[in-house]
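As structure tokens, the structure follows; a few thoughts come after it.
The values are calculated or read from the model by the stated rules, or taken from the named source; none is laboratory data. Keep in mind that this is a model prediction, so the values were computed, not measured. Positions of Cβ are backbone-derived with ideal geometry, glycine not excepted, and every protein chain shown enters the neighbour counts.
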Amino acid sequence: MSEYRHARSRCRRARSLLATLAVLTATLATGAPTVHAAEQGEPSDIAVRLPSSTYSRMLVDQARRRVYVTTGALNATVNELLVYDFDGSLLQTVKTDALINPGAMMLSADGSTLYVGAANYILIFNPDTFAYIGGGWVRSDFFKGKCTGDIVATGSTLRFTRMTSQSTPKDCTTEPQALYSGALTGGSYTESISSEVDPKIAVSAAGDKIVEAYAFPSSGSKLAVGVWDATAPTLSRSAVRGFAGPNDPTTVPRDVAVSPDGALALVAAGVSGTKTLSTTDLSEVTPGYGPLPDGTSSTAVAFSPDGSLLARGGAVDGTAADLLVQSADPARGDAPREYAFTDATNGGDRVADRGLAFSADGSRLFAMTTDAAGDAYWLHVISNPDARYHSSFDVPLTAQPGTPYAGQAVQISGRLRMNGPAPRTPVQVTAVRHDSDGDHAVPSAPVGPDGTFTLEDTPAVSGQATYTVSFAGDSAHDPAQDAKLAVDVAKAPTDLALDTPTEATTSGVAIHGTLTTPGVALPAGTTVDVRRVTKKGVIDLPAATVGSDGSFTVNDVPRAKGNTLYVVSYDGDALHEASADYVTVNITE
């Protein structure tokens, strides 16, 4: 009896030692995370700081693969037109005596003429040489323009906004402006719309409508939006909407954009978010494009010229997204691709007003960012702006223990590789266990800074269990291809132990025992087999029922005195191994 129990103890210690060695082996085999280069099709972001503490407007010249940036502002000390290429390299700095407070820009339809609005002029340049082209408007017949307006073309007519006062403004957000119309080559002009505070205008790609967003002074600076029919030289208003209700925004609009098909107008309305409106009647479009992150002030909106993408910029503290890029079709309901700018000293921490523009095919997004003080600016060249970084599971997954038993906790470990910058918030992996009893969700697990994760599960049945581990992706990463791991789940061990009775006579003997398991609980009604062994032979006694606490009692009336061997055994079941124990009892009178 003593040797048998020592043998069982040595066996348990050996199994424990093997398990410990397996853990150490798995630990040693887990190396440091691998560094991966950026993969084709992933987004990239190049940021360059402007050589100026002010910024006004940005214009994309697709044919020349250039980006023009003007630096005019009320407090501008540098009055320049900066010329960048599509990789963010500064190619040229244009300075002239007339280029004071440069702001709004426009390219002619054929790309041969660059219009630049300055304080006292609208300047007309050759964009190849930046030499003046004849024509334009000069100070003698043009109002001062230190509050940057807009320049658009509809057919053969130039439309532009300017101040209606000759005095130097103190605050452009309170300054009335007017919308003027004139010939593309300069000369005389007429006033089309007047007395609107800090208006922002945008024109449809077809040039048939102008959308204007402005503050409406008579309603306490409530937001107002108008749509103008521009098919004739004289504008006619086709729709107007004033946001004059008690819960409507009191705001100066920060930006406005028209979808390339002319159907939608977007207004960046500061703390009131982005308004998505139909250009037919200015009703709000549902479902729209979804809200900006909480606390975001909407500063910029842009559609890609090919009609595929929409970008919305904002200003928000912390790690929340400052830039959202998604499909321009609101019916698709795509989850936006999010970008967060968080470094106010190197790259900016928010998108500047009117700070977004796309290349013609949407493959590049140019974003101007700034800091909270608005005294430093960065041009970001974002390639593949709607793409997400690649993610994948480094294989193989591992299980610990390698062969668990039914009812034993098992840990499934692995590493998730996520290209690009580290996620702003912890991501989770999920898993499903498939076994003979069907599919079972496994509690999700966080992914650590080094990409490692550990899922914990307790399989309930023996046989093969297949774990499928998934990463659904996030705002910056594509979903990873699922990783799978097959694990053989053994039957749970059992331990049957008998106590030697304190007394036993031919009148009766009671042997107490326990049947326990660290795995799945034994089913109700479990029984153990009992045999009495004497010199006269082997007798099968009635089975004993195991209680809910694992205890049982064998009652017997021996036929003779002397040593009697009792063998109690458990045959096991689909989830449990067999086990047995014995005890020798000296029967007295």
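Residue-wise test of (1) free of Cβ contacts under 8 Å to residues at least 12 places away in the same chain; (2) surrounded by fewer than 17 Cβ atoms within 10 Å (Cβ to Cβ); (3) in a strand (DSSP E or B).
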position: 407; (1), (2), (3): no, no, no
position: 429; (1), (2), (3): no, no, yes
position: 443; (1), (2), (3): no, yes, yes
position: 485; (1), (2), (3): no, no, yes
Any residue at all in the range 221-230 that is at pLDDT below 95, closer than 24 Å to residue 387 by Cβ and of a type in the set (A, V, I, L, M, F, W, C)?
-> no
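Residue-wise test of (1) in contact with a strand residue (DSSP E or B) (Cβ under 6 Å, 6 or more places away or on another chain); (2) β-branched (Val, Ile, Thr); (3) without any contact (Cβ under 8 Å) to a residue 60 or more places away in the chain.
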| residue | (1), (2), (3) |
| --- | --- |
| 368 | yes, no, no |
| 390 | no, no, no |
| 394 | yes, no, no |
| 419 | yes, no, no |
| 424 | no, no, no |
| 434 | yes, no, yes |
| 438 | no, no, yes |
| 451 | yes, no, no |
| 466 | yes, yes, yes |
Return a yes/no flag: does the range 367-377 have any residue that is of a type in the set (Phe, Trp, Tyr) and part of a loop (DSSP other than H, G, I, E, B). no
Check: Out of curiosity, is residue 489 of a type in the set (A, V, I, L, M, F, W, C), more than 49 Å from the chain's Cα centre (by Cα) and either outside any loop (DSSP other than H, G, I, E, B) or in the same structural domain as residue 458 (by TED's automatic domain parsing) (or both)?
Finding: no
The condition of being more than 21 Å from residue 59 (Cα to Cα) and either assigned by TED's automatic domain parsing to the domain that holds residue 308 or without any contact (Cβ under 8 Å) to a residue 12 or more places away in the chain (or both) holds, among 224, 239, 263, only for 263
Selection from the range 550-569 of residues aliphatic (A, V, I, L, M) and either within 60 Å of the chain's Cα centre (by Cα) or in a strand (DSSP E or B) (or both) yields 554, 565, 567, 568
In the range 397-422, anything more than 26 Å from the chain's Cα centre (by Cα) and of a type outside the set (Val, Ile, Thr) is listed as 399, 400, 401, 402, 404, 405, 406, 407, 408, 409, 411
Q. Do we find that residue 543 is within 30 Å of residue 396 (Cβ to Cβ), in a strand (DSSP E or B), out of contact with any Leu (no Cβ under 9 Å at 6 or more places or on another chain) and modelled with pLDDT of 95 or more in this structure?
A. no
_among the aliphatic types (A, V, I, L, M) and part of a strand (DSSP E or B): is that true of residue 282 in this structure?_
no
Residue 574 vs (1) in contact (Cβ under 8 Å) with a residue 60 or more places away in the chain; (2) surrounded by 13 or more Cβ atoms within 10 Å (Cβ to Cβ); (3) not in a strand (DSSP E or B): all pass except (2)
Expected single match for in contact with a Lys or Arg (Cβ under 8 Å, 6 or more places away or on another chain), surrounded by 24 or more Cβ atoms within 10 Å (Cβ to Cβ) and of a type in the set (Gly, Ala, Ser) among 300, 372 is 300
Pairs returned, first residue in the range 285-309 that is assigned by TED's automatic domain parsing to the domain that holds residue 329, second residue that is aromatic (Phe, Trp, Tyr), beta-carbon separation under 8 angstrom, 6 or more apart or interchain, are 302/358; 303/358; 304/358; 305/358; 309/303; 309/358
Looking across the range 415-447 at residues that are over 16 Å from residue 467 (Cα atoms) and basic (Lys, Arg), the single one that is modelled with the highest pLDDT is 417
Here the residues within the range 497-537 that are in a strand (DSSP E or B), more than 54 Å from the chain's Cα centre (by Cα) and of a type in the set (A, V, I, L, M, F, W, C) are 497, 498, 509, 510, 511, 528, 530, 533
Going through (1) surrounded by fewer than 23 Cβ atoms within 10 Å (Cβ to Cβ); (2) over 21 Å from the mean Cα position of the chain (by Cα); (3) part of a strand (DSSP E or B) one by one, residue 354 fails only at (1)
